Amino acid sequence: MSEETTERAGAAFSFLGDGLRLAVLRALAAGEPPAGPREGAVAYSDLRREVGERDSGKFSYHLDKLTGRFVEKVDGGYRLREPGREVVRLLDRGVVDGPAEFEPTAVPARCPLCGGDVHVRYGDHHVVTCCGDCEGLFGADGTPDGTLTGVVLPPATVEGRDPAALFEHAHRVFRRRLRAMVDGLCLECGGDAERRLRRCPDHDAPTGRTCGTCGTAYPVLAELVCTVCGRGRVTHPLFGNPDTEDATVVADPARPWDRLAALLSWDATALPGDAAGEVAFERPDGRVRVVLDDDLGVAE
Ligand SMILES: [Zn+2]
Ligand SMILES: [Zn+2]
Ligand SMILES: [Zn+2]
């Protein structure tokens, strides 16, 4: 995100840092159909009544400030513009002030790296799956010990779900997001996703440990970054890769975690010579082999 964009976003947030303005956006959102074309409008007097502001001068002043960027005035009253809707969505997702963390909870899964017990936790808007017995896939500072995956979900999606169900759900979401990005699309913003293989030049990760060079337990990972909104994801290069799913069926498609776990047991070998840049992935039984080129396309 450019500095200019960040400045504009900051200005928009401080502009909205007023309870009355947010109440107007929420009231307009409540009057909209849940899907499909947005029709109609909320009359000025209805809007003021719903917001519950007695001071008409103050109400008019704030509504006027919102009009143009977040709200539009149409025949019969006011309605939201898309940026106004996006603000309400952010609030509803609990992105700004949501509750919630839960403590590590055991789930019925094994660590693909060491066979140890796996647990799931929620904090900082990430559903994090960790191994309790080894260093996990990512040994980076700031990630919980034993981190295997971290999936961003807002508090509103997490609230009220059983941790074991959330564990499955988060990996379904993760795989879907990855599929789109491997395809070159960021579903969150519609931007282009850059794709590349991140190969460790000198990988050395004894069982249960991360490598001193790349900081992870697997020698080759897919790195997917949106060029517009900056969302970035790192995972096993065959997980969520739509071009390799048929060739590499390893587990129940309804349980993406099983698939990811199985793929982490595959060998990954960087190819030499003319094929430099490509990586061969091979199932432990030697019966399936997939070669990916540097931007995650299937080379053979
Ligand atoms: Zn482990
Ligand atoms: Zn390494
Ligand atoms: Zn994006």
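How many residues does segment 144-180 contain that are open to solvent by less than 30 Å² (accessible area, probe 1.4 Å) and of a type in the set (S, T, N, Q)? Of the residues in segment 144-180, 2 are open to solvent by less than 30 Å² (accessible area, probe 1.4 Å) and of a type in the set (S, T, N, Q).
Looking only at residues in segment 117-127 that are more than 17 Å from R231 (Cβ to Cβ) and surrounded by 17 or more Cβ atoms within 10 Å (Cβ to Cβ), the one that is farthest from ligand 1 (Cβ to nearest atom) is Y122. Name the single residue that is surrounded by the most Cβ atoms within 10 Å (Cβ to Cβ) among those in segment 195-213 being without any contact (Cβ under 8 Å) to a residue 40 or more places away in the chain and not hydrophobic (A, V, I, L, M, F, W, C). Applying the filter and picking the extreme gives H203.
Looking only at residues of segment 145-164 that are part of a loop (DSSP other than H, G, I, E, B) and within 22 Å of D258 (Cβ to Cβ), we find that the one that is nearest to ligand 1 (Cβ to nearest atom) is G146.
Considering every residue within segment 146-154, establish whether at least one is out of contact with any His (no Cβ under 9 Å at 6 or more places or on another chain) and away from ligand 3 (no atom under 16 Å from the Cβ). Looking for residues that are out of contact with any His (no Cβ under 9 Å at 6 or more places or on another chain) and away from ligand 3 (no atom under 16 Å from the Cβ), one finds at least one in segment 146-154, hence yes. Of all residues in segment 191-208, exactly one satisfies the criterion of being within 16 Å of ligand 1 (Cβ to nearest atom) and either closer than 14 Å to A140 by Cβ or of a type in the set (A, V, I, L, M, F, W, C) (or both), namely A205.
Looking only at residues in segment 214-244 that are open to solvent by 80 Å² or more (accessible area, probe 1.4 Å) and at pLDDT 90 or above, the one that is nearest to ligand 1 (Cβ to nearest atom) is R231. Checked against the criterion of being within 24 Å of V279 (Cβ to Cβ) and open to solvent by 70 Å² or more (accessible area, probe 1.4 Å), the candidates D183, D141, D133 yield just one match: D183. Could you grab me the full set of residues in segment 99-116 that are open to solvent by 60 Å² or more (accessible area, probe 1.4 Å) and in contact with a helix residue (DSSP H, G or I) (Cβ under 6 Å, 6 or more places away or on another chain)? Passing the criteria: only P99. Residue count for segment 201-260, restricted to those that are outside any loop (DSSP other than H, G, I, E, B), over 20 Å from A299 (Cβ atoms) and within 16 Å of ligand 3 (Cβ to nearest atom): 5.
The sole residue among R89, R38 that is closer than 23 Å to L153 by Cβ and at pLDDT below 95 is R89.
Scanning segment 261-298 for residues that are in a helix (DSSP H, G or I) and surrounded by 14 or more Cβ atoms within 10 Å (Cβ to Cβ) turns up A261, A262, L263, A275. Cβ-Cβ contacts under 8 Å between residues 6 or more apart (or on different chains), taken from a first residue in segment 47-70 that is within 18 Å of A29 (Cα to Cα) and not assigned by TED's automatic domain parsing to the domain that holds R21 to a second residue that is assigned to a loop (DSSP other than H, G, I, E, B) and aliphatic (A, V, I, L, M), are absent.
The values are calculated or read from the model by the stated rules, or taken from the named source; none is laboratory data. Worth saying up front: this structure is predicted, and the values here are computed from it rather than measured. In this analysis, Cβ positions are derived from the backbone assuming ideal geometry, glycine residues included, and neighbour counts consider all displayed protein chains. Remember, those area values only see protein heavy atoms, side chains included, never the ligands or the DNA or RNA. Shrake-Rupley method; radii C 1.70, N 1.55, O 1.52, S 1.80 Å.
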